[in-house]
Amino acid sequence: MPPIQVLHGQPTPEELATVLAVVHSRAAAQAAAEAASRASGPATPWTDPARRLRPTPHPSVHAWRTSGWAR
C-alpha cells in the first residue's frame, strides 16, 4: 500500500488512526473478495444457481398444462 500523506489540516492522532483503520479494512476486504473470486473460478451460466429454478408460469388459459412441460 502506498504511503498516505495529510495534505490539509492538522488531524489528531485519534482521527488519523481512525482513517487509517478504515482504509486498511477496505483494502483487506477488497483483497479477500479478489482472492475468493479467483478461487471460485470464472462465473459461467452453467454454474449459476438460478439455472436450477423453474420459470414462473404466466397466467393464461393453458398455464396449468404448460407448467409441467420440460424446459
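Brief remarks follow.
- Maximal additional length on extending the I4-V61 stretch stands at 13.9 nm, based on 0.36 nm per residue less the C-alpha distance.
- Residue among T47, T12, T56 with the largest mean-square fluctuation in a Gaussian network model of the chain, springs linking Cα atoms under 10 Å: T56
Read-outs: derived from the displayed coordinates by stated rules, not from any lab. Bear in mind the structure is a predicted one, so any value in this text is a computation, not a measurement.
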